[in-house]
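The values are calculated or read from the model by the stated rules, or taken from the named source; none is laboratory data. Just so we're clear, the structure is a prediction, and the values are computed from it rather than from any experiment. Here the Cβ positions follow ideal geometry from the backbone for every residue, glycine too, while neighbour counts run over all protein chains shown. Note: accessible area is taken over every heavy atom of the protein model, side chains too, but ligands, DNA and RNA are not part of it. Shrake-Rupley method; radii C 1.70, N 1.55, O 1.52, S 1.80 Å.
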Amino acid sequence: MKLYSTNNKNLSVSFKEAVFTSFPSDKGLYMPWHIPKLSECFIQNITDYSFLEMALEIAYSFIGEDIPKKDLEKIIKETISFDAPLVSLEENLAVLELFHGPSLAFKDFGARFMSRLMAYLSDKNDKTLDILVATSGDTGGAVALGFLGVEGTRVTILYPKGKISEIQRKQLTTNGQNIRALEVNGTFDDCQALVKMAFNDAELNSKLRLTSANSINISRLLPQTFYYLYAYAQAVKKNKKDIVFVVPSGNFGNIGAGLLAYKSGLPVKHFVAATNVNDTVPVYLQKGSYEPKPSIQTLSNAMDVGNPSNWVRITDLFNESLDSLRNLISAYSFTDSETMNGINELYEKYNYIACPHTAVAYLAAKKYNHPQDFTIFLSTAHPCKFMDVYPENLKNKIIIPEQVKELDHKISSATPLENNFSDLKTFLMNS
């Protein structure tokens with residue numbers, strides 16, 4: 001697969017180069033020159049395929065020229081070692097649970113695929129691969145577990161001080177081995193900006209082999225298409241048509257993957273982007289003016305992004321056409337108060353306990369309000385990661401997974417860092 005920069009279509013790189021450099025020097029993002037189409041036969045018979053077989057079908061269509069099918073199948077087997085069940089709440093409303101992986105968040109799909117892909121593509125004579133990742137909560141935990149103990153890699157996770165949940169913090173800071181955590185005195189946007197500055201620093205890049213594990217990396221985006229196919233197949237098994245996906249959105253990688261699956265031929269009727277008060281994209285789709293702004297801290301912290309990186313990929317997919325985007329994507333934003341109402345309503349109506357991000361998606365599904373469509377909203381994290389959010393009556397009903405209980409017995413370690421690139425550069429150069 002060949003890829004280009006969203007800032008310069010004359011720039012063309014291989015898949016391997018895109019994976020290991022993460023994003024171009026011109027500060028664009030990599031996009032595939034050609035988006036392959038899934039065959040009509042595959043789509044019509046999708047219920048005959050297993051989750052793994054569906055994933056292999058779309059992954060091979062993109063990167064089959066770069067990785068033999070047998071090797072790709074092994075990578076995907078190690079990626080998809082857990083389920084993504086579609087749980088019906090009403091006749092035409094269902095939730096897709098994406099939190100059954102090791103870090104209890106949807107980002108396990110991308111992080112596990114990426115770690116195994118990088119291990120496969122790396123030359124054993126290469127320098128240590130230094131992976132930088134900014135996290136607003138869930139990315140860091142998934143990347144930490146995805147790369148923990150992977151030979152030839154070292155992961156540095158930047159997270160905003162005081163702006164992630166306690167369980168999320170423990171998932172970032174208790175790993176040891178090749179995983180390091182930096183507690184940044186700033187916001188997620190600050191962390192993301194520091195990572196981008198590192199990639200554009202010539203001296204750092206001459207000394208270290210830097211890459212990113214954020215969704216700016218194309219190898220994080222591709223495996224997220226897998227569960228859109230799987231959700232569609234589960235819906236078809238229920239004899240559903242006119243399928244709508246409602247996606248809780250922060251950096252817009254998740255919905256970007258869904259749109260990539262759509263462009264590959266997955267028959268989706270509509271997408272809904274659900275955000276908290278960090279509403280840059282909903283405002284853009286409403287007013288036509290894209291104005292990034294500083295992020296605001298909310299209960300749905302993994303979505304606290306004021307300048308979503310992946311939006312440029314989405315506009316690129318639709319040739320910068322605002323009308324095309326509006327025809328396919330709706331977007332709504334919700335306050336913390338509304339989010340809490342959504343959490344309580346999900347429990348009272350359906351006996352379902354959702355994380356704050358999932359509750360935002362549920363509210364957007366309600367607001368979209370096309371009862372004839374089969375609406376699937378995505379649940380991106382296990383509720384136990386946000387225990388401080390819930391009232392006592394719900395908190396006591398949340399089952400704590402064993403991997404979370406084990407965190408209490410681990411030593412936490414993080415290095416404090418000011419929101420200053422020179423401090424990050426010094427840390428990386430001296431490590």
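Shown for the chain are the DSSP H helices of 20 Å or more along their axis, judged by Cα atoms, with a mean Kyte-Doolittle hydropathy of at least 0.0: 107-121.
Who wins for biggest fluctuation among ASP26, ASP130, ASP373 in a Gaussian network model of the chain, springs between alpha carbons below 10 Å? The residue with the greatest mean-square fluctuation here is ASP26. Here each label is just a point 7 Å from Cα along the line to Cβ, and for GLU40 and LEU148 those points are 4.8 nm apart. A Förster distance of 41 Å, applied to the separation of the beta-carbon atoms of SER422 and ALA119, puts the FRET efficiency at 0.80.
Positive contributions from Lys and Arg (+1) and negative ones from Asp and Glu (-1), summed over other residues with Cβ under 14 Å from the Cβ of PHE42, come out at -3.
Restricting everything to alpha-carbon atoms, can you work out Rg to Rh for the range 251-295 with a Kirkwood hydrodynamic radius? Spell out each step's value before the answer.
Details: Rg = 12.3 Å, Rh = 11.9 Å.
A ratio of 1.03.
At a probe radius of 1.4 angstrom, the accessible area of the range 276-431 per residue rounds to 46 square angstrom. Values of log10 I(q)/I(0) for the range 13-70 across q = 0.12 Å⁻¹ run -0.39, by the Debye formula with one identical scatterer at each alpha carbon and no solvent. Calculated on C-alpha atoms, the gyration radius of the chain divided by its Kirkwood radius gives an Rg/Rh of 0.93. Could you check how much of the accessible area of the range 37-158 is carbon and sulfur, as a whole percent, using a 1.4 Å probe? Here carbon and sulfur together make up 46 percent of the probe-accessible area.
The residues neighbouring LYS170, those whose beta-carbon lies less than 12 Å from its own, together hold a net charge of +1 under the Lys/Arg +1, Asp/Glu -1 convention. Annotation for the range 126-197 versus the range 390-410: alpha-carbon center distance of 22 Å.
First check a/c for the range 290-431, with a ≥ b ≥ c the square roots of the eigenvalues of its C-alpha gyration tensor; if it is under 1.5, answer rounded, and if not, answer prolate when a/b is larger than b/c or oblate otherwise. Can you show the working numbers first?
On the way: a/c = 2.37, a/b = 1.08, b/c = 2.19.
Oblate, since a/c reaches 1.5 and b/c is not below a/b.
In a DSSP loop and with at most 16 other Cβ atoms within 10 Å, the trypsin sites (Lys or Arg not before Pro) in the range 318-407 are LYS397.
In terms of its C-alpha gyration tensor, the range 253-357 comes out oblate, because a/c is 1.5 or above while a/b does not outweigh b/c. A helix-only calculation puts the chain at -12000 deg cm²/dmol for mean residue ellipticity at 222 nm, using -39500 (n - 2.57) for each DSSP H run of at least four residues, averaged over all residues.
Restricting to bridges with both residues inside the chain, how much of the DSSP beta-bridge set is antiparallel, in percent to the nearest 5?
Values: 12 of 51 bridges.
The answer is about 25 percent antiparallel.
Exposure check, 1.4 Å probe, all protein chains in place: ILE399 carries approximately 140 Å² of accessible surface.
Label-to-label distance for LYS238 and SER12 is 4.4 nm, based on points extended 7 Å past Cα in the beta-carbon direction. A straight chain from LYS366 to ASN200 at 0.36 nm per residue would run longer than the Cα-Cα distance by 55.5 nm. If you wrap the tightest convex hull around every Cα atom of the range 101-211 and split its volume per residue, you get 95 Å³.
Report relative contact order for the chain in percent, whole number only (criteria: Cα-Cα under 8 Å, sequence separation at least 6).
Computed value for the chain: 19 percent relative contact order.
Tell me, what is the percent relative contact order of the range 31-115, built from C-alpha pairs under 8 Å that lie six or more residues apart? Mind dumping the intermediate values first?
Values: 60 pairs, mean separation 16.5, N = 85.
Once divided by the residue count of the range 31-115, the mean separation gives 19 percent.
Per the Debye formula on identical point scatterers at the alpha carbon atoms of the range 1-157, with no solvent, log10 I(q)/I(0) at q = 0.09, 0.13, 0.14 Å⁻¹ is -0.35, -0.74, -0.86.
If you plug the beta carbon distance of HIS409 and ASN185 into 1/(1 + (r/R0)^6) with R0 = 30 Å, you get a FRET efficiency near 0.60. For the options PRO68, PRO356, PRO292, a Gaussian network treatment of the chain with springs between C-alpha atoms closer than 10 Å singles out PRO68 as fluctuating the most.
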